[in-house]
Amino acid sequence: MRLFFLTAVLCAFCVFVGCSGVPTESSDANVDHILPAEGTQYTDPNQALADGIKLLDTGETDRAIDVLNQAVTLNPGLAEAYFHLGIAYSLVETRDSDVIEEDASVDSSQTGKDKKERKKNSEIAFQRAVDGFKKIIAANKEDHAAWFNMGRAYNKLNEDEDALDAFREAVELNPEDTEYQTELGAILIKLARYREAIAPLKKALELDPGNMEALELLEDAEAGRSRINYQTTPSPKTDNKNTNTNSAASNANSQPANTTSTPTTGNVSKSPPPTPRPSPNRTPRQNS
């Protein structure tokens, strides 16, 4: 009976401690998943950046825009915040594209003049990200992460040649990064330079065999190279022309020899050489 009483007291104490609000190890593990409260005003730009990325990853795009704007207001040189702000804006622009187009048509009908196309918020943010990463690189040309992120920003702006140059620099400075190699291969595919894309994508898979993105891109690169090889193969028409020319020359060379041969009795008609059968016309497949 006494043992039962002591056990009951011990259990009650454990329940009291567990409910007392003292943080445990399991509760600490969830701290990173807690989203910032709405209307939070930041004084630390890096904290705003971290919370903005967290909101963006969880689909809270509009709140992410507010928080990331606070980050770049507190630190206008925070290039990474501009990059993620560009992503957030592009998501909103895609979501609201129908509404934006309708508003533009209304404005045009009201003014009676063609409205000049304005830059999107996402384009402005990505351009500011590029400018920010350029400043980082000017201070330290060995900063491979800045080169890589600048390449991503250029890629978002569809400035593909500049993106390629930036990715090449990042890979040269840090060739053992599978993500760098993957993005280099991706931009080469975007530029239809399939043969060049194969090497970095193979390197990415060598560094990380589980890199499914690199594997899929490698398949695209090899398929693109095959299409180019098919298109550059000499056409059958050209081969037939060469064959006909060679045959004519051969017949011309052999003609004098026939005139000096021993005459045969009877009338012998000379039949012309057989005409080669034309090859079917093949239309090269276009790049998809």
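Couple of notes before you dig in:
- Cβ-based exposure ranking for Asp165, Asp57, Asp44, in which fewest neighbours within 10 Å come first: Asp57, Asp44, Asp165
- Loop-located GluC sites (Glu not before Pro) in segment 34-95 (DSSP state not H, G, I, E or B) with no more than 14 neighbouring Cβ atoms inside 10 Å: Glu38.
- Extension gain, Leu157-Lys202: 0.36 nm per intervening residue step, less the Cα-Cα distance, totals 13.5 nm.
- Extension gain from Arg95 to Glu179, taking 0.36 nm per residue of separation minus the Cα-Cα distance: 27.4 nm
- Distance violations [Cα-Cα > 27 Å] among Lys54/Lys190; Lys119/Lys202; Lys156/Lys202; Lys119/Lys203; Lys135/Lys203; Lys54/Lys203: Lys54/Lys190; Lys119/Lys202; Lys119/Lys203; Lys135/Lys203; Lys54/Lys203
- The label point for Asp220 and the one for Arg118, both projected 7 Å from the Cα toward the Cβ, are 3.3 nm apart.
- By other beta-carbon atoms within 10 Å, ranking Ile34, Ile228 with the fewest at the front produces Ile34, Ile228.
Here, each number is a calculation from the coordinates, and none is a lab measurement. This one's a predicted model, so the numbers in the text were calculated from it and none came from an experiment. Note that each Cβ is placed from the backbone with ideal geometry, even for glycine, and that neighbours are counted across all protein chains shown.
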